[in-house]
Amino acid sequence: MLSNKTKISCIGCVIVTLILMSLAGDVFGQQAGGDKPVNALATKQQMILDRLSRLEEHMFRLREKLAEVEPENAAKLGEALSRTGELEVKDRVERLVSALEASKELNRAADDQDLLVKDFERILMVLLDQDPNDLERKERMERLREAKRELKTLIEEQKEQRQKATDALRAARAAKQVDAAIKKARQLLDKQQDLQKQMEKSDSSDQAQNKKNAKSQSELSDQTEKLSKEVEDISKSLTPNSDESDKDSDNKEAADQLDEASKDLKEASEKMKPSDGKKSDNKPGDSPSGEESDESEPNEKSDAKKTQDEAKEELKRALHRLEEAKKELEEKRDASKSGDAQRNLSDRTKKLAQKMQSKQGGKGKPKDNKGKQQDGKQQRGQEQDQGKQQQGENESKQSPEDKPLPGDENVERAGKHMEDAGKELDEEDVEQAVLEEDKALDELERAQRELEEALKQLRQEEKEDILRGLQARLSEMLEIQKGINSETLKLSEMDKELFRRAETLKCDELAKRQSELAKSAQTCVRLLEEDGTTVVFPQIMEQLTADMHMVADRLANNELGPITTGTQSDIERELSQLLESLKKLIEEQKKKDKQGGGGGGGAPGAAPLVPTSAELKMLKSSQLRINRQTTTADEARKDRSESKEDILGLLNTAADRQAKLEEMSRKIQTRAEKGR
């Protein structure tokens, strides 16, 4: 004879079977039109319908039987039946059978099967005492995280596209400036050559002509230095910022060429400067005759010619670098004209917007009924009306996790701006393209902020639910543990040798209750591990679970010595302290909510379920428990109330937990350092 609890589990198994059959039907449905006959699919769907009918009848009967003896389980069955009726599961399966038998609307049938699978899962969660909202929230959070990941990629790629367009715009402007600089450099070179020829022809004794040549040379030097600064400014305009994006700019090679050209022009300017009339290092009066002075004039003239030749070479080098920079800029500008990459990014952005609007990528939105839908025969029109009605029903049953994600409209607008930017690039209006790309980036970043805020809110809701659930579980566990401890203590006061059948059976009963409590503790561990943001709490619950199993084993063997009772006291004390910590956390969170404060986020580095301050208190409590275990082992050794093996086992457990305590401390320290 099956217990009522087992019967509910069997019902859950039937629902799992229905889910698997629905999944199989969906796979075959996707292959319809191939070798698999559609009638076979209809048969499988009919099997699901028959099983569902039998399941409902069984649930009704079982609920009536449990109404008085197990009202909680009866309520679960009633809620599951209500959920089945609200979702119109049976009617929808019947429609699927009809659709498959008529071999029509197979794609829609496959979508309906997907929805049914989800609804079966929700009904199953009711029977398993799980909140369906948890599943919906987890699925929505996963959708948000996935959208956030895709959005991050799009933002990074859009920044790259904008960088290229910005580089192209800078390149176009700089190319014109470099072209003007090239003309100036050529003029300077021509003037320098003409001046050099004139100086070679002029008579060195003609003081007036020498002054005129020196003045011309000085002006030419100033003009060259001015051009050097202009070229330097052009280079800076290509990479105006010092961030990494400009360091990796496509215009960096041209900028480097311009920097070298500027240096060459500066060198040329230095060499062009006149010698300020210093013809010799000899002081006046060193030579009474003018012979040495006459001999030095040809040398000075030769040195001046050499310096001017060097200046000419520097100018030629600068001119060559300017021409190379111009070529580089024109190539980069031309390479960035194409809008193909921007349009590709636009298409991906629009697809993300559709995915954010509906989990099926926009299928939940009303379709346009114009065009081909207005054509065709009357029968086809009726089928379309039926399909439209079915689609409306599906939309009305749309689950919360399938609703549009925040920021979907921003992403949609970003895709439009990207498309416009692509058109502007095709038309070589790079300046307007950059403006459109800026708008696209702004929309994407707005969407990113909305997704982060939505994740933060859902994370906070999840955190509150977890804390409340843990509080309820720990409160129940504490009351049960107190009862077990009280009854164990009474038995421990009796001489074990005087135990009769009643006492032995009582120990067995207490062992079973302690073992059941260990399962509840393990459920808490699983919840905490799934959350994954707290270090100490799951470890303490894991240790409590181990202690409960150990106590259960000792109770089953009628071992009621100080190790058993001491460990039970520790379990009760630890549960009480954990419960008190949770109550404080929940109260603090309520105060924050009233004050408008938030907590937790969907991103890595989010606020943990349990704050560091609370975990440190748990560490202290854990250390005190290890101390008590050590003391218990020492006292048991002295009064020989326990076996050596049991005492050694307790000490080994304490040593192992001491090592884990050290490891937990390091993890908390590492997390705190990362959060600075």
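The values are calculated or read from the model by the stated rules, or taken from the named source; none is laboratory data. Remember, predicted model here, so these are calculated numbers, not experimental data. Quick reminder, even Gly has a Cβ in these numbers, built from the backbone with ideal geometry, and neighbours come from all protein chains shown.
Odds and ends about this structure:
- Residue within segment 316-333 that is modelled with pLDDT of 55 or more, assigned by TED's automatic domain parsing to the domain that holds residue 185, closer than 16 Å to residue 190 by Cα and among the aliphatic types (A, V, I, L, M) present: yes
- Residue count for segment 176-205, restricted to those that are within 54 Å of the chain's Cα centre (by Cα) and over 19 Å from residue 263 (Cα atoms): 1.
- For segment 393-425, a residue qualifies if it is assigned to a helix (DSSP H, G or I), modelled with pLDDT of 50 or more and either small (Gly, Ala, Ser) or loosely packed, with under 15 Cβ neighbours inside 10 Å (or both), and the qualifying residues are 400, 414, 415, 421, 422.
- Which numbered condition residue 62 fails, given (1) loosely packed, with under 13 Cβ neighbours inside 10 Å; (2) at pLDDT 75 or above: (1)
- The number of residues in segment 549-578 being surrounded by fewer than 18 Cβ atoms within 10 Å (Cβ to Cβ) and part of a loop (DSSP other than H, G, I, E, B) comes to 4.
- Scanning segment 201-224 for residues that are exposed (fewer than 14 other Cβ atoms within 10 Å of the Cβ), assigned to a helix (DSSP H, G or I) and either among the small types (Gly, Ala, Ser) or at positive phi (or both) turns up at least one hit.
- Pairs where the first residue, in segment 474-491, is at negative phi and outside any helix (DSSP H, G or I) and the second is at pLDDT below 90 and surrounded by 14 or more Cβ atoms within 10 Å (Cβ to Cβ), C-beta under 8 Å, 6+ apart: none
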